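As structure tokens, the structure follows; a few thoughts come after it.
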Amino acid sequence: MTAVQEMVGYGKPTTASRMGKPLAWLLLFLLLGVTLFPFFWTLRSALSTNSALFANGFEFTFINFKRVLGLATDEEILYASGRVNSGQFDFLLALRNSVIIAAVIAVGQVFFSAMAAYAFARMKFAGRDKLFFLYLTGMMIPPIITLIPNLILMKELGWLNSFKGIVAPFVLMTPFAVFFLRQFYLSINRSIEEAALIDGASHFRLFRSVILPIARPQMVTLMVLTYVTAWNEFLWPLVVAPVNDEVQPLTLALGVFTTQQPGSAPDWSGLLAGTLLAALPVMLIFLIFGRRIVDSIRFTGIK
Amino acid sequence: MTTFGVSVLGMEFPGLLLAILGVAFGIGALVTVLGKRSLYGGWPTAYWFLLPSLIGFVVFFLFPTIRGIYLSFTDWNLLANEGEFIGTENYAILWTDGDFWRAMRVTAWYVIINIGTQTLLAIIIAVMMDRLTKSATVRGILLLPWLMPNVVVALLFVWLLDNNLGVANQVLGWVGLGPWGFLTSINGVIPTIAAINTWKFMGYTALLIFAGLQTIPGNLYEAAALDGATELDMMRRITIPLMRPVLALVMVVTVVGSFQVFDTVQVATGGFSGTPGGPVKASQVIYLYIYRNAFVFNDLGYAAALAAVLFVILMVVTAIQLRLLRAGESDLA
């Protein structure tokens, strides 16, 4: 509230506005509760034995997380899930795959997009704006259009069911990353670069020694967002790596594990523990970079 | 397709990859020798900065888009990986395909419910972020679901909404209702999935709108407060009219995204050895129908035609929205 508003008591206090503030707070807390409840309830269920869940009850145990991580003995598994083998799901392998895929895509995409963004923001060459516009139209093409031809291409390259195939379409650029970084580079003051250029510095030198250090916070933010996007991707791995669990990321492995469960009495507690563990890395990233992510949305958010 | 390739240090390099790299570096050499240099780069320098992204753009965006349109005029089969040019036959089939029209109806119904609830809640949250609390924690919590993988979100709600064990039906049971098949009844499944994605995206959408709210000058609110306006008056007479251009762009982005719902449907309705899109195709949205044609029925040609039609529909929807919301003009001027 501004000083002026406070002096005049924020307008005339009508009944509606006196009731309004507590009601608004109530609504906000309700929305926060709705947002958090599914996580809380799933955590509670994952911390219970499967048999207790089926009796609508709760029996505290860490066993589900242990067996998802491959730390539990056969007797413990039998007791917790009610069966000896509850489907094929090597969590640690899928976790490794997700880390590799997301890291390669995040680093590659942001670095190569940064190079392109530098050219668009700082260089002059014939047809520059036309080429940039062409990149922008790429943002409007729905992924389903390119999905099928890209799959055929991967088949022709022999890259099906491999890391190469999963990362290839995203590792070199996305139109959004180029756009995001170009907009930011344009807002950086050029006077240092102008002086260096006249003194004979090369563009490669300027990119490395001026732009990259200045833009580091924004590039880290973009890298985090790219990492999360790559981590969450489901459809592309599903079509390009349908059979090889040596390269399948967590999202896909979870989906496959789900379809292997019997419809009548699925291994709920195990599945939920795996689900929460799959979300954990994203939550950790959010705890560390949350502020930056929120700010970046306000930056990309249309002005 | 060419099948030549070379093996270097035990690694196979397919002929197609060599061809792409050969062309890229060939053009590079020509540009470097013949292009005009200047203090601000010129093509000889710019080309090498652009090269990785150019390969990515041409190979994975530009070429596939053109190829996708070509495929829609063929009967390309996924397993055989070949097909004949058949003219507009796919489009003729599509016109009389009941499943396609059903998928469009299901998708439209989903978009209406999802965008309606999501935008309304997002506006309310955005105004609260602006006028009630600037707390970063509140914003963070509301943004959290947006960062979750769709697969995780779908599984959380499959559990919460389970017919026998889900907490939602337990609560309904206490008040003497239910159990209700949220994800297993024909009328319930689309509203349920729409609500799940509203839960996921309302915080993110609110932040986009919130960013737009920051452009409204604060003195308008001060003046209104001096004149005795209530919060509701201000919302109706200042906030909503002035954020129309922002709202228009946010709506375009969210509606286009909403049309492309897939993961949530695939996992939440596929569930345990079920058929995605069920019960009885009641949740077979257009993306899922395209996916099934391509990768279950192996009919890539028809799937490409469906994708092309979806693309055209999305462009038309976007154009109509921008027109209706008069996105280009602001009342602030």
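Remark: A:LEU160 matches the filter, which requires a residue to be under 24 Å from B:TYR289 (Cα atoms), surrounded by 15 or more Cβ atoms within 10 Å (Cβ to Cβ) and of a type in the set (A, V, I, L, M). Between A:THR174, A:THR146, the distinction of being under 24 Å from the mean Cα position of the chain (by Cα) and within 22 Å of B:ASN293 (Cα to Cα) belongs to A:THR146 only.
This table checks each residue for (1) more than 13 Å from every other protein chain (Cβ to nearest Cβ); (2) touching a residue at least 24 places away in the same chain (Cβ under 8 Å); (3) surrounded by fewer than 19 Cβ atoms within 10 Å (Cβ to Cβ).
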| residue | (1), (2), (3) |
| --- | --- |
| B:ASN164 | no, no, yes |
| B:TRP180 | yes, no, yes |
| B:GLY188 | yes, no, yes |
| B:MET202 | no, yes, no |
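Residues in segment B:277-306 that are at pLDDT 85 or above and of a type in the set (Gly, Ala, Ser) were compared, and the one that is farthest from B:ILE69 (Cα to Cα) is B:ALA282. Here B:GLY277, B:GLY271 are screened, and the one residue that is within 7 Å of chain A (Cβ to nearest Cβ), out of contact with any Asp or Glu (no Cβ under 9 Å at 6 or more places or on another chain) and at positive phi is B:GLY271. Could you please find all residues in segment A:211-264 being within 9 Å of chain B (Cβ to nearest Cβ) and over 19 Å from B:ASN150 (Cβ atoms)? A:GLN260, A:PRO262, A:GLY263, A:SER264, listed by residue number. Applying the selection to segment A:120-163, what residues are of a type in the set (Lys, Arg), within 30 Å of A:PHE204 (Cα to Cα) and in a helix (DSSP H, G or I)? Scanning segment A:120-163 gives A:ARG122, A:ARG128, A:LYS130.
Residue under question is B:TRP109, and the condition is that it be more than 7 Å from chain A (Cβ to nearest Cβ), farther than 25 Å from A:VAL294 by Cβ and not aliphatic (A, V, I, L, M); does it hold? So B:TRP109 fits the description; yes. If I filter segment B:231-268 down to residues being facing chain A (nearest Cβ under 8 Å) and in a loop (DSSP other than H, G, I, E, B), which single residue comes out as farthest from B:ILE313 (Cα to Cα)? Across segment B:231-268, the extreme among qualifying residues is B:PHE262.
Condition check: within 30 Å of A:LEU272 (Cβ to Cβ) and at pLDDT 85 or above. Does B:VAL309 satisfy that?
Values: within 30 Å of A:LEU272 (Cβ to Cβ): no; at pLDDT 85 or above: yes.
Against the criterion (within 30 Å of A:LEU272 (Cβ to Cβ) and at pLDDT 85 or above), B:VAL309 does not qualify.
Under the condition of being part of a loop (DSSP other than H, G, I, E, B) and out of contact with any Leu (no Cβ under 6 Å at 6 or more places or on another chain), which residue from segment B:40-76 is nearest to A:PRO169 (Cα to Cα)?
First, pick out the residues of segment B:40-76 that are part of a loop (DSSP other than H, G, I, E, B): B:40, B:42, B:72-73, B:75-76.
Checking the rest, the ones that are also out of contact with any Leu (no Cβ under 6 Å at 6 or more places or on another chain) come to B:40, B:42, B:72-73, B:75.
Details: B:TYR40: 31, B:GLY42: 28, B:SER72: 21, B:PHE73: 24, B:ASP75: 25 Å.
By that ranking, first place goes to B:SER72.
Looking across segment B:128-152 at every residue that is touching a residue at least 12 places away in the same chain (Cβ under 8 Å) and out of contact with any helix residue (DSSP H, G or I) (no Cβ under 6 Å at 6 or more places or on another chain), the one that is nearest to the other protein chains (Cβ to nearest Cβ) is identified as B:LEU144.
This table checks each residue for (1) at pLDDT below 75; (2) crowded, with 17+ Cβ neighbours inside 10 Å.
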position: B:VAL8; (1), (2): yes, no
position: B:MET11; (1), (2): yes, no
position: B:GLY22; (1), (2): no, no
position: B:PHE25; (1), (2): no, no
position: B:LEU30; (1), (2): no, no
position: B:LEU34; (1), (2): no, no
position: B:ARG37; (1), (2): no, no
position: B:GLY42; (1), (2): no, yes
position: B:TYR47; (1), (2): no, yes
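Right, B:LEU155: surrounded by fewer than 22 Cβ atoms within 10 Å (Cβ to Cβ), facing chain A (nearest Cβ under 9 Å), at pLDDT 85 or above and assigned to a helix (DSSP H, G or I) or not? Steps first, please.
Working: surrounded by fewer than 22 Cβ atoms within 10 Å (Cβ to Cβ): no; facing chain A (nearest Cβ under 9 Å): yes; at pLDDT 85 or above: yes; assigned to a helix (DSSP H, G or I): yes.
Judged against the criteria, B:LEU155 is not a match.
The values are calculated or read from the model by the stated rules, or taken from the named source; none is laboratory data. These figures come from a predicted structure and were not determined experimentally. Don't worry about glycine lacking a Cβ; one is built from the backbone with ideal geometry, like all the others, and counts go over all protein chains shown.
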